[in-house]
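K.L.:
Below: one structure in structure tokens.
The values are calculated or read from the model by the stated rules, or taken from the named source; none is laboratory data. This one's a predicted model, so the numbers in the text were calculated from it and none came from an experiment. Note that we place each Cβ from the backbone using ideal geometry, even for glycine, and neighbour counts take in every protein chain shown.
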Amino acid sequence: MLSILPISVPQAQGVEAEIPIWEKIDWTPEIEQQIYKDWGKYYSRRRRENIAMHYYDKALQLSNDDYMTLYHRSQSKRKTAKTLGALEDSLEAKRILRLKSVVNAPINLEVCDALYELNQFEKAKAELHNNKRVFTGNKTKAFEDRLIVVDENIKDACGDGLSPFILENERMMSHVKDLLNEKFKVDNRPLWKILKEQNKCDILSIPECKEELLSPLEIARRKRAFDICYQVYIDKSWIDILFLKNLKNNPSLLLDQCKMSKDFLGTMVAKQYEVVKKFLKIIQARSPMYYVRYKKYSNKDRLLKFREALLNRIQYQTRRNMISVLQTITRLRYQKNLTRLSNYIEEVMGDYTVLKTNRIMPWKIEFINDVYNTLGLALSEQYVVPKNFRIGEKNPVLQLLHYNPHKVKEINTFVFGDRSTHQDQESVDPTIIKSKRLISRLEKRIVFSKYSIEKAYLLHQIACIHLQSNHYDECCFVARKALQEAELCNSNIWSFLSIIITVKSNASLNKTEGISDALKRALLVAEKLQSPQIIEFVETCISGNDRFSCVRGIDSRRESKAHTRKSLN
């Protein structure tokens, strides 16, 4: 018995590609359309909807009035959450049947299903009632079943759970309504007229898109709302959806080295995630979140009791965490481990405390003051006059501050053929990249910080990063801003630390006049602190700076005289 193998025409010496034998046969349009339609059904059953859509489109190219192909393509589109396209196909199939004075129950049912999945429950209900009158017998059973489901969904969305939700969120709903009205409002006027009414620059042809800055608390709220939504409607599969969302920006999947697959994989993952989001919206419209919450806690007193117990539990746990944090900070201060102390405070205040509201943490301002004052004291305790201190040839202020300025790196010369000299050093040096990231993080925290003592700390840290990067002008500018914030909150310790940063910057450049002015101001703040150790330290710095400036003046005069003698000779 001979085995049936696929027959193909051999390639004709590079003139044309190999073509399957069935495409060489002169099929009639009717047979060819039926072949495409059967292939579309086959791939749709295999859940390969993209290929199925391709063959449905080819079948419709041969015959535009084939209502069954439109019906099957509508079903295929609904499987991939293209519900609007599915509704258009089913309505087109219904229109073709109406022209032929024929009614078809499955096609009319497809129209109702598409309306239902578009969350247009009122239109779906009206369509189902109309079809109940048109058909008789067993054909009405499917419409009656759908009608029961639609009625229950409308009851869930507009039932007893809606009233408490509106009462709780009445102000927010009015605000959202105004935003939606502005969003859907179409303004056909020229752009320059619109910008002129908004008191903006009216000569821009392309409007500037401002980046939306979200506070850390708002980011955490949205993340929590995302998790809750998927946990309620998808149960344990929400972890898979979170994994799919993270895949969109996963560098391990979207490798830059893979030129061909990177764009394809990125498009595919984004498309599949959008499909899941659309299906979730369909589920959410059928059973809204407020109805799920109402069914879970139908007793209002029980709900309030549960909320109060949850709030107390979170408050107690937060209080225990804060006590532990303060104990750790105090222990690190006495150990004089300033690097670890600074990193720990940045982690606690930047990632944990910032996410706590005043309702969860009523003592938030007191805790912030304790943390930053403890850090300020730890930083100020390092400024001590060492025993047997003597002024040498180097700058005595730098010796007292225990600060060794970094030498400016030499500029690399361009070498033809050496790729390392072609690159910008700022974009390659890991220390510079790390400094920029830290500055960006601290600047974002400044935007959403409410308290001056916190702003003083953040600006002080930015000034320290600029100082380590040898950006002395930026360091002095930010230190002045930190001093202003410290004066607003009457924090003498942070005022002193901000002035010390300015002293370090001027001492790195050997600007004796700038050092003298800054130290005089530091002495006034040190007297307010009433700390003999700090007062002694500042006075020693002043005397050392005066003596160093005199030595530098004598040396400069000697050099000028020697230069004059050489010129005369």
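K.L.:
On the basis of being at pLDDT 90 or above and either acidic (D, E) or in the same structural domain as H460 (by TED's automatic domain parsing) (or both), does D370 make the cut?
P.N.:
So D370 passes the test.
K.L.:
Pairs, please: C-beta under 9 Å, at least 6 apart or cross-chain, first residue surrounded by fewer than 17 Cβ atoms within 10 Å (Cβ to Cβ) and in the range 447-460, second among the hydrophobic types (A, V, I, L, M, F, W, C) and assigned to a helix (DSSP H, G or I)?
P.N.:
What qualifies is F448/L217; F448/V354; K450/I365; Y451/I365; Y451/I368.
K.L.:
Could we say that A482 is at pLDDT below 90, in the same structural domain as I446 (by TED's automatic domain parsing) and either closer than 20 Å to L442 by Cα or not hydroxyl-bearing (S, T, Y) (or both) here?
P.N.:
No.
K.L.:
Return the total of residues in the range 329-354 being in a helix (DSSP H, G or I) and surrounded by fewer than 15 Cβ atoms within 10 Å (Cβ to Cβ).
P.N.:
Result for the range 329-354: 9.
K.L.:
Continuing with the same structure: Taking E49 as the residue in question, decide whether it is over 34 Å from the mean Cα position of the chain (by Cα), of a type in the set (D, E, K, R) and surrounded by 17 or more Cβ atoms within 10 Å (Cβ to Cβ).
P.N.:
no
K.L.:
Sort out which residues of the range 141-165 are crowded, with 17+ Cβ neighbours inside 10 Å and free of Cβ contacts under 8 Å to residues at least 60 places away in the same chain, and write them in order of number.
P.N.:
Listed by number, the residues that qualify are A142, F143, R146, L147, V150.
K.L.:
For the range 458-478, which positions are among the small types (G, A, S) and in a helix (DSSP H, G or I)?
P.N.:
If the condition is that a residue be among the small types (G, A, S) and in a helix (DSSP H, G or I), then A463 is the only one that fits.
K.L.:
Between a residue in the range 361-378 that is under 13 Å from I493 (Cα atoms) and any residue that is part of a helix (DSSP H, G or I) and of a type in the set (K, R), which pairs come within a Cβ distance under 9 Å, given they are 6 or more apart or on different chains?
P.N.:
Correct list of pairs: T374/R333; L375/R333; L377/R333; A378/R333.
K.L.:
May I pose another question? Got a sec? Which of Y36, Y42 is at pLDDT 90 or above and more than 25 Å from D145 (Cβ to Cβ)?
P.N.:
Only one candidate passes the filter, namely Y42.
K.L.:
Examine the range 83-95 for a residue that is among the aliphatic types (A, V, I, L, M), within 30 Å of P288 (Cβ to Cβ), touching an Asp or Glu at 6+ places or on another chain (Cβ under 9 Å) and not assigned by TED's automatic domain parsing to the domain that holds V275, and state whether such a residue exists.
P.N.:
Yes, the conditions are met somewhere in the range 83-95.
K.L.:
Return the residues of the range 32-56 that are among the charged types (D, E, K, R) and in contact (Cβ under 8 Å) with a residue 12 or more places away in the chain; say none if nothing qualifies.
P.N.:
Passing the criteria: E32, K37, K41, R47, E49.
K.L.:
Would you check if F243 is without any contact (Cβ under 8 Å) to a residue 24 or more places away in the chain and under 30 Å from K450 (Cα atoms)?
P.N.:
no
K.L.:
Turning to a different aspect of this structure: If you check every pair at least six apart or on different chains, which have Cβ atoms under 8 Å apart with a residue in the range 461-490 that is closer than 15 Å to V503 by Cα first and a residue that is not in a helix (DSSP H, G or I) second?
P.N.:
Sorted first by the residue in the range 461-490, then by its partner, the pairs are Q468/H406; N470/P405; N470/H406; N470/V408; Y472/L509.
K.L.:
Please specify each residue of the range 355-379 satisfying the condition of being farther than 21 Å from A456 by Cβ and assigned to a helix (DSSP H, G or I).
P.N.:
Matches in the range 355-379: L355 only.
K.L.:
Further question on the same structure: Of the residues S556, S549, only one is part of a helix (DSSP H, G or I), at pLDDT below 80, out of contact with any Pro (no Cβ under 9 Å at 6 or more places or on another chain) and surrounded by 11 or more Cβ atoms within 10 Å (Cβ to Cβ); which?
P.N.:
S549
K.L.:
Does S63 fit the bill of being more than 27 Å from D151 (Cβ to Cβ), touching a helix residue (DSSP H, G or I) at 6+ places or on another chain (Cβ under 7 Å) and surrounded by fewer than 18 Cβ atoms within 10 Å (Cβ to Cβ)?
P.N.:
For S63, the condition - more than 27 Å from D151 (Cβ to Cβ), touching a helix residue (DSSP H, G or I) at 6+ places or on another chain (Cβ under 7 Å) and surrounded by fewer than 18 Cβ atoms within 10 Å (Cβ to Cβ) - is met.
K.L.:
Do any helices (runs of 4 or more DSSP H) lying entirely in the range 394-457 carry at least 1 residues that are among the aliphatic types (A, V, I, L, M), touching a helix residue (DSSP H, G or I) at 6+ places or on another chain (Cβ under 9 Å) and at pLDDT below 75, and which ones are they?
P.N.:
So the answer is 425-428.
K.L.:
Sticking with this structure for a sec: Could we say that L280 is under 21 Å from E117 (Cα atoms), among the hydrophobic types (A, V, I, L, M, F, W, C) and touching a residue at least 40 places away in the same chain (Cβ under 8 Å) here?
P.N.:
So L280 fits the description; yes.
K.L.:
I need a count of the residues in the range 318-328 that are surrounded by fewer than 16 Cβ atoms within 10 Å (Cβ to Cβ) and either closer than 24 Å to E218 by Cβ or among the acidic types (D, E) (or both).
P.N.:
1
K.L.:
Just to be sure before I move on: is E536 over 22 Å from Q461 (Cα atoms), surrounded by fewer than 23 Cβ atoms within 10 Å (Cβ to Cβ) and in contact (Cβ under 8 Å) with a residue 60 or more places away in the chain in the structure I sent?
P.N.:
When the stated conditions are applied, E536 passes them.
K.L.:
If you take the residues of the range 91-129 that are closer than 17 Å to R146 by Cα and of a type in the set (G, A, S), which of them is surrounded by the fewest Cβ atoms within 10 Å (Cβ to Cβ)?
P.N.:
Looking at residues that are closer than 17 Å to R146 by Cα and of a type in the set (G, A, S), I get A126.
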